[in-house]
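The structure under discussion appears below in the form of structure tokens.
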Amino acid sequence: MQVDGRAIAQEMKEDLKRKFAVFSSKPIMALVSAGENPATETFIRIKTKFAEDIGVEVTRSHFDENASTEIILAEVCRLNADPSVAGIVVQLPLPSNISVSEVLHVIAPEKDIDALGTGVEREGREKTERRESKFLPPVVLAVKEIFKREKISPEGKTALVVGKGRLVGKPVFRFLQEQGAEVSVVEEGQAIAPFSECADIIVSGAGSPGIIRPEMIKDECVLIDAGTSESAGKVRGDADPSCASKCAVFTPVPGGVGPITVACLFANLYQASISGDL
């Protein structure tokens, strides 16, 4: 069964539109970006359009590729202090000369709607400081939404996470463990098949097109493809589309997890707006 992520996201959008309509002024989501990246521009357009549809204002602070870490830090701190800003999103990737960990670390936990600051640590002179977002990562919320709709329980299942990235791999690994699954993780360059062939649940966020093929998965597995990349001018996922015929649940790319994840970002913004009494 293929998950129609666009339909689910549309349901969530209508619900969020009703919720945001009660605010006397539009909540603000602040986007921070740097450098020139076509993928970044695509993601920002998608988020901005979703925001417009539900009655949310988006502001953007964009810096050139030579911007320093200090400049980005100063902007995030300014947004932290702005009471009109309900949520802050630092759009990754940032240019290589900017310290991503430092930038994510300073986002106020109550405004970190992308939950990218979760688990980010900074060593000080006296102690190691750790800050946790007040929210679950949108991709985790998206996976939870799919599991809820398809009546999937990770407890006691064998699960595989492909990729260890901060956007998908790390938060999903943590979530599946907390849900009682026995979880393995493989990175790019490692053999996937020895793990994927026996996995009941596979969540992939490697961003490598077609690395998961039908012969590598068991019948009736759950395959959540959260990997997105471009190949021959087309957006592709980590799983070959032909995997769908073997899966009990399969999320295609595009149109699977992606749209739901965007909707979940704004679900976090709604919670932030309520907490901030906007």
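The values are calculated or read from the model by the stated rules, or taken from the named source; none is laboratory data. The structure presented is a predicted model; accordingly, all values stated were derived computationally and were not measured. A quick note on method: Cβ atoms are made from the backbone with ideal geometry, for glycine too, and the neighbour counts reach across all protein chains shown. Ligands, DNA and RNA are excluded from the accessible area calculation, which covers all protein heavy atoms including side chains. Shrake-Rupley method; radii C 1.70, N 1.55, O 1.52, S 1.80 Å.
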#### Entry: Per-residue ³J(HN,Hα) for the stretch 189-199, Karplus 6.51 cos²θ - 1.76 cosθ + 1.60, θ = phi - 60°, Hz, x for Gly and Pro
x, 8, 5, 8, 3, x, 9, 5, 5, 10, 7
#### Entry: Placed amide H near Cys221: partners under 5 Å, 5+ positions off or other chain
Ala248
### Query
Between rounded, prolate and oblate, where does the stretch 111-254 land on the alpha carbon gyration tensor, with a ≥ b ≥ c its root eigenvalues, rounded for a/c under 1.5, else prolate if a/b exceeds b/c?
prolate
## Note on the structure
Sorted by chain and number, the residues with a modelled amide H under 5 Å from that of Val185, at a separation of 5 or more or across chains, are Val161
### Query
Can you give the accessible area per residue of the stretch 1-159, in Å², using a 1.4 Å probe?
52 Å²
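Could you sort 107-114, 96-103, 215-222 so that the peptide with the highest average Cβ count within 10 Å comes first and the rest follow in order?
Highest-to-lowest ranking by the protection proxy: 107-114, 215-222, 96-103.
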### Query
Between the helical axis of 169-178 and the dominant principal axis of the chain, each derived from Cα atoms, what acute angle in degrees is found, rounded to the nearest 10?
70 degrees
### Query
So how far, in whole Å, is the C-alpha centre of the stretch 31-107 from the one of the stretch 153-178?
26 Å
## Note on the structure
GNM on the chain, Cα springs under 10 Å; top mean-square fluctuation among Lys26, Lys148, Lys47 goes to Lys148
### Task
Whenever you get a sec, compute what percent of the accessible area on the stretch 128-278 sits on carbon and sulfur atoms (1.4 Å probe).
47 percent
### Message
Rounding to the nearest 10 and keeping the result within 0 to 90°, find how far the Cα-based axis of helix 5-20 lies from the longest principal axis of the chain.
### Response
30 degrees
### Query
Size of the stretch 1-44 along its principal axes in angstrom, Cα-based, largest extent first?
41, 35, 8
### the stretch 82-230, relative contact order [Cα under 8 Å, separation at least 6], %
16 percent
### Query
Given a cut-off of under 8 Å on Cα pairs at least six residues apart, what relative contact order in percent is computed for the chain?
20 percent
### Task
With springs only between Cα atoms under 10 Å apart, run a GNM on the chain and tell me which of Val235, Val22, Val89 wobbles the most.
Val22
#### Entry: Phi-based couplings in Hz for the stretch 156-167 (Karplus 6.51, -1.76, 1.60; Gly and Pro marked x)
x, 8, 8, 10, 10, 10, 9, x, 10, x, 6, 7
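Could you estimate the translational diffusion coefficient of the chain from the Stokes-Einstein equation, with Rh from the Kirkwood formula over C-alpha pairs, at 20 °C and 1.002 mPa s, in whole µm²/s?
Result for D is 110 µm²/s.
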